[in-house]
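Engineer: Would you mind keeping the following structure in view while I ask a few things?
Every number in this text was worked out from the coordinates using simple rules, so none of it is lab data. Bear in mind that the values here come from a model prediction, so they are computed numbers and not experimental data. All Cβ positions, glycine included, derive from the backbone under ideal geometry; neighbour counts span all protein chains shown.
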């Protein structure tokens with residue numbers, strides 16, 4: 001990777017350059033409302049080749065799944081099939097406008113309807129809305145539905161949401177946004193949510209529980225049916241965080257386990273690209289009792305076969321809209337193609353191999369990196385990244401992995417395991433890749449004993465080395481100084 | 001099968017390492033009663049079949065010719081320089097995740113930092129986040145910021161009815177979780193700025209307008225920010241980023257938060273998503289900002305570099321006390337917008353704004369000359385940018401169907417559904433794709449379909 005600093009677009013800017021020619025007006029000119037005009041607009045001025053070389057150089061300083069192994073726990077960094085990118089760019093999809101007459105977009109609506117149906121089938125739900133744009137957005141949507149459900153029944157006192165201490169940070173944050181109070185539940189010695197604690201917490205103030213299964217330790221909750229029963233019995237509903245669905249698609253349906261609502265992360269389980277942090281898509285599936293509260297519109301079909309007509313429907317007691325339009329349609333196209341590519345057998349095979357790969361890594365790594373909950377895991381597992389007696393931490397191991405050409409695992413999460421490294425290989429990685437990763441981890445464990453400074457000062461081979469995050473937060477330079485001051 | 005690379009031999013070897021005989025043995029923790037369901041899905045298909053099926057499905061959509069589309073209302077067909085998709089197709093970018101490992105994410109971090117810089121210059125604000133999902137969710141987060149800044153002591157949100165109806169709908173959904181918040185102002189679809197200003201009081205957390213507004217017209221914003229600030233509230237402005245190539249930015253007239261739909265900056269319409277939520281504010285509110293923020297710093301060797309900063313605002317650190325639950329955002333669309341702005345540049349964006357302005361006025365004049373049509377009948381004196389309201393002599397749906405079926409034209413947005421007083425009114429958009437000849441086709445087609 002290139003080591004020299006890459007100038008910003010403002011530093012590259014030269015007054016008078018332009019990247020693209022545009023037409024001149026072919027109509028009579030209308031005088032501008034002068035009081036509305038701005039003096040100047042400080043955007044950069046670059047030639048087209050400057051632009052292309054700039055972003056190409058930047059891309060070479062970025063690591064994606066296409067660059068190499070990316071075992072980032074809970075993020076499911078699997079291969080993104082290239083054909084899906086091509087299909088999503090078909091002009092007949094990409095140029096459609098969300099406010100066109102539904103009759104003029106029957107192809108889109110059919111695709112969305114099928115995806116709703118397929119996700120409902122995969123998750124075991126009565127209905128699905130595709131509208132949320134991300135996992136956290138789906139959580140917020142699902143919680144608002146739980147709230148609307150209780151309020152409709154006059155149960156205004158249900159204000160608490162139970163959340164295991166191993167949960168993703170989005171769970172408590174979504175809970176607050178939805179107007180509930182988050183109540184943290186401890187985990188037991190085997191990595192499950194503590195059943196006794198669930199039992200004690202369940203009362204008439206509980207609106208529901210948010211549970212991730214398999215949980216963020218990568219373990220299938222051994223008492224899941226009991227937990228669901230306890231929550232239902234006290235009148236609460238069960239929210240499933242679908243972030244770890246890549247272990248379950250084709251293996252078990254959350255709806256069959258009694259979940260009332262769950263979001264799917266299309267950018268995890270169904271291989272739509274992560275895009276450097278987004279866009280994703282977070283459709284939610286619900287049981288029959290929440291169906292009418294879904295955000296609208298949802299897609300329904302009238303008639304059959306050749307006469308099938310797809311229409312937009314507003315669920316009866318809808319909580320309302322959560323996205324400007326229908327959600328991230330471009331991601332629906334990709335996920336649809338992905339499910340069609342795999343079918344039921346392929347989805348199951350994906351989960352099986354995701355779980356196979358994760359267990360293989362656990363067994364191969366556990367001698368060098370302690371695994372606190374060492375039992376058969378699902379699609380990911382957590383080990384301790386602190387190795388040797390010289391103070392090498394999970395952080396250092398992560399940074400040293402960069403020198404070996406691997407993206408590090410998620411670190412310092414879940415919070416319940418100190419020095420956590422959370423490893424999720426996904427099903428699309430081959431045994432040779434996993435073996436190379438194991439070799440690198442073992443080499444780092446050896447370095448941690450023999451040459452700890454090498455590890456503690458890593459990375460050494462990257463375009464920049466450890467960055468001063470304190471300075472960034474203290475000095476807070478969040479726009480380019482090369483740009484002229486605001487006016 | 002699919003994209004799983006394992007050979008039988010590898011699978012056997014791996015299972016042996018784990019100490020299991022069969023792959024199914026990995027799932028004994030899953031209750032047997034629900035294990036391995038028989039999913040009713042279509043059988044697996046090959047890539048080439050999928051390509052064929054998808055092309056056939058796409059062909060069931062009306063094929064939109066952007067030059068003959070006059071539908072906007074929040075999503076716009078604009079020219080997209082080829083550089084944008086060239087960059088967005090780089091696997092190093094689009095197959096990466098959030099930049100939690102900055103040493104191998106400098107490309108995306110720098111691109112997002114430059115995006116933030118350009119958005120700030122365009123809007124005349126001091127800080128931009130690295131994106132929200134879309135324009136409506138950016139607005140909802142802006143209102144939550146205002147409620148947060150006023151520390152829950154103020155609960156009133158004054159909302160202009162001339163804000164995109166679906167943005168207002170999303171905001172109201174978001175506020176379902178906030179006990180006290182009360183929205184006023186948009187219950188009367190005809191309420192103007194004077195009426196909204198009269199609602200300001202010591203309970204007001206924010207006054208929200210769209211400028212140019214949903215109907216395409218400029219609002220009389222002079223003095224507005226002073227009035228809002230005197231009452232102790234924040235001024236939130238939903239804006240059109242293309243207009244800002246030519247017209248004055250919200251920061252110049254006192255906006256505290258500026259939000260916008262970034263889709264017009266190089267992102268395809270794509271049936272409404274993925275799009276790009278743009279969010280910019282004052283540095284004073286940076287600690288209450290939601291979403292990722294990129295900051296400049298140096299590495300241990302003193303080299304310039306970039307990191308995600310002020311992470312203590314965010315859900316993965318602050319959990320229940322975070323400023324928002326947002327995690328996944330719309331980063332790759334922000335990258336696309338950055339490439340768009342870098343390619344189009346200062347003069348290009350001004351030119352595009354000029355083209356939109358002149359062409360839409362040409363179209364408006366021509367349509368106004370048609371018998372039975374009237375342009376901006378409610379506010380003929382108010383200047384507009386690229387969209388205008390047309391009163392039509394027949395139901396909008398009927399006109400649009402005929403435009404589509406007989407003229408290959410996508411007509412304007414039917415305003416009657418959102419605004420009862422605007423039955424038989426459509427919102428027409430004109431942009432750089434629409435040549436004079438295309439506009440003339442629209443005008444003659446309109447004349448023909450109502451004859």
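Engineer: Report Rg(Cα)/(2.2 N^0.38 Å) for the stretch A:346-471, keeping two decimals.
Structural biologist: 1.07
Engineer: Taking just the alpha carbons, could you work out the radius of gyration and Dmax for the stretch A:325-404, both in angstroms?
Structural biologist: Both quantities, over Cα of the stretch A:325-404: 18.3, 55 Å.
Engineer: Which three semi-axes in whole Å describe the equivalent ellipsoid of chain B, each the square root of 5 times a Cα gyration tensor eigenvalue, listed largest first?
Structural biologist: Rounded to whole Å, the semi-axes are 41, 31, 23.
Engineer: Using the scaling law 2.2 N^0.38 Å as the reference, what is the normalised Cα Rg of the stretch A:9-59?
Structural biologist: For the stretch A:9-59, the normalised Cα radius of gyration comes out at 1.56.
Engineer: So between residue B:16 and residue B:190, what do we pick up on full extension, going 0.36 nm a residue minus the alpha carbon distance?
Structural biologist: Values: separation 174, 0.36 × 174 = 62.64 nm, distance 7.29 nm.
Taking residue B:16 through residue B:190 to full extension adds about 55.3 nm, to one decimal.
Engineer: How many angstrom separate the Cα center of the stretch B:337-376 from the Cα center of the stretch A:202-248?
Structural biologist: Cα centres, the stretch B:337-376 to the stretch A:202-248: 53 Å.
Engineer: Cut-off is 10 Å between beta-carbons; in what order do A:449, A:399 appear when sorted fewest neighbours first? Display every interim value, and only then the final one.
Structural biologist: Working: A:449 13, A:399 25.
So the ranking, lowest neighbour count to highest, is A:449, A:399.
Engineer: How much mean residue ellipticity at 222 nm does chain A get from its helices, if each DSSP H run of length 4 or more adds -39500 (n - 2.57) and you divide by all residues, to the nearest 500 deg cm²/dmol?
Structural biologist: Working: 14 runs with 167 residues, N = 487.
Mean residue ellipticity at 222 nm (helix-derived): -10500 deg cm²/dmol.
Engineer: Let me ask something additional. By how many nm would the segment from residue A:367 to residue A:438 lengthen if fully extended, with 0.36 nm per residue of separation less the alpha-carbon distance? Write down the numbers at each step before the final one.
Structural biologist: Numbers: separation 71, 0.36 × 71 = 25.56 nm, distance 1.12 nm.
24.4 nm is the gain from fully extending residue A:367 to residue A:438.
Engineer: Counting pairs of alpha carbon atoms under 8 Å apart in space and at least six apart in sequence, what relative contact order in percent does chain B give?
Structural biologist: The normalised contact order for chain B reaches 20 percent.
Engineer: Here is a follow-up. Return A:317, B:172 ranked ascending by Cβ neighbour count within 10 Å, so the fewest neighbours appear first.
Structural biologist: Ascending number of Cβ neighbours within 10 Å: A:317, B:172.
Engineer: Ranked by Cβ crowding within 10 angstrom, fewest neighbours first, how are B:236, A:6 ordered?
Structural biologist: Going from sparsest to densest Cβ surroundings: A:6, B:236.
Engineer: A follow-up question, please. What are the equivalent ellipsoid semi-axes of the stretch B:76-233, built from the alpha-carbon gyration tensor (square roots of five times its eigenvalues), in whole angstrom, biggest first?
Structural biologist: The answer is 34, 19, 15 Å, longest axis first.
Engineer: Which percent, to the nearest 5, of DSSP beta bridges fully inside the protein assembly as shown are antiparallel?
Structural biologist: About 55 percent, rounded to the nearest 5.
Engineer: Find how much the distance from residue A:446 to residue A:481 grows on full extension, using 0.36 nm per residue of separation minus their present alpha carbon separation; answer in nm with one decimal.
Structural biologist: Details: separation 35, 0.36 × 35 = 12.60 nm, distance 4.40 nm.
Working it through step by step, the gained length comes to 8.2 nm.
Engineer: In addition: What are the principal axis extents of the Cα atoms in the stretch A:97-252, in Å, biggest first?
Structural biologist: Cα spread of the stretch A:97-252 along its principal axes, largest to smallest: 55, 37, 25 Å.
Engineer: Any idea how far apart residue A:302 and residue A:159 come out in nm if each label point goes 7 Å out from Cα toward Cβ?
Structural biologist: It works out to 4.5 nm between the two label points.
Engineer: Let me ask something else about it. Give the share of C-alpha pairs in each 5 angstrom bin for the stretch A:252-407, from 0 to the last occupied bin, in whole percents, shortest bins first.
Structural biologist: With 5 Å bins starting at 0, P(r) equals 2, 7, 10, 13, 16, 15, 12, 9, 7, 5, 3, 2, 1, 0, 0.
Engineer: Rg (Å, one decimal) plus Dmax (Å, integer) for the alpha carbons of the stretch A:72-142?
Structural biologist: Looking at the stretch A:72-142, its Cα Rg and Dmax stand at 14.8, 43 Å.
Engineer: Here's something else I'd like to know. Would you work out the relative contact order for chain A, in percent, from Cα pairs under 8 angstrom that are 6 or more residues apart?
Structural biologist: Averaging sequence separation for qualifying contacts and normalising by length gives 19 percent for chain A.
Engineer: Give me the percent of DSSP beta bridges within chain B that run antiparallel, rounded to the nearest 5.
Structural biologist: Values: 23 of 41 bridges.
Counting DSSP beta bridges with both partners in chain B, the antiparallel share is about 55 percent.
Engineer: With only alpha-carbon pairs counted, each pair once and no self-pairs, how large is the Kirkwood hydrodynamic radius of chain A in angstroms?
Structural biologist: Numbers: mean 1/r = 0.0400 Å⁻¹.
It is 25.0 Å.
Engineer: Helix-derived [θ] at 222 nm for chain B: sum -39500 (n - 2.57) over DSSP H runs of at least 4, divide by residue count, nearest 500?
Structural biologist: Dividing the helical sum by the residues of chain B leaves -11000 deg cm²/dmol.
Engineer: In nm, to one decimal, how far is the residue B:202 label point from the residue A:256 one, both placed 7 Å along Cα→Cβ?
Structural biologist: Result for the modelled spin labels: 6.2 nm.
Engineer: Stokes-Einstein D for the stretch B:156-290 at 4 °C, 1.567 mPa s, Kirkwood Rh over Cα pairs, in µm²/s?
Structural biologist: The calculation lands on 84 µm²/s.
Engineer: Determine, from the Cβ-Cβ distance of residue B:436 and residue B:222 and an R0 of 41 Å, the FRET efficiency 1/(1 + (r/R0)^6), rounded to the nearest 0.05.
Structural biologist: Once the sixth-power term is evaluated, E becomes 0.75.
Engineer: Continuing with the same structure: Dividing the Cα radius of gyration by the Kirkwood radius, what Rg/Rh value follows for the stretch A:261-337?
Structural biologist: Values: Rg = 14.0 Å, Rh = 13.9 Å.
Dividing the radius of gyration by the Kirkwood radius yields 1.01.
Engineer: Modelling each spin label as a point 7 Å along the Cα-to-Cβ direction, I'd like the residue B:32/residue A:195 distance in nm, to one decimal.
Structural biologist: The two pseudo-label positions are separated by 1.8 nm.
Engineer: List the equivalent ellipsoid semi-axes of the stretch A:83-342 in whole Å, largest first, each obtained as the square root of 5λ for an eigenvalue λ of the Cα gyration tensor.
Structural biologist: One finds semi-axes of 32, 20, 15 Å for the stretch A:83-342.
Engineer: Taking the Cα of residue A:289, stepping 7 Å toward and past its beta carbon, and measuring to each backbone N in the stretch A:115-135: which are under 17 Å?
Structural biologist: Flagged as within label range: A:125-127.
Engineer: How big, on average over all directions, is the shadow cast by the Cα convex hull of the stretch B:237-323, in nm²?
Structural biologist: Result: a mean projected hull area of 8.5 nm².
Engineer: Quick one: Cα convex hull volume of the stretch B:311-451, Å³ per residue?
Structural biologist: Value for the stretch B:311-451: 189 Å³ per residue.
Engineer: Just how many % of Cα pairs in the stretch B:359-406 lie over 13 Å apart, if you round to the nearest whole percent?
Structural biologist: 61
Engineer: From the C-alpha coordinates alone, can you work out the Kirkwood hydrodynamic radius of the stretch B:82-339, in Å?
Structural biologist: 18.6
Engineer: For chain A, what proportion of DSSP beta bridges, expressed in % and rounded to the nearest 5, is antiparallel?
Structural biologist: 55
Engineer: How much of the pair distance distribution for the protein assembly as shown lies past 47 Å, counting alpha-carbon pairs only, in percent?
Structural biologist: Pairs farther apart than 47 Å: 22 percent.
Engineer: Between residue A:226 and residue A:47, what FRET efficiency comes out of the Förster formula 1/(1 + (r/R0)^6) with R0 = 45 Å and r the beta carbon distance, rounded to 0.05? Could the numbers behind the result be given before it?
Structural biologist: Details: r = 66 Å, r/R0 = 1.46.
E(calc), rounded to 0.05, equals 0.10.
Engineer: Which value, in Å³ per residue, describes the convex hull spanned by the Cα atoms of the stretch A:12-167?
Structural biologist: 331
Engineer: If the viscosity is 1.567 mPa s and the temperature 4 °C, what Stokes-Einstein diffusion coefficient in µm²/s follows for the stretch B:170-209 when Rh is the Kirkwood radius over Cα pairs?
Structural biologist: Reported coefficient: 114 µm²/s.
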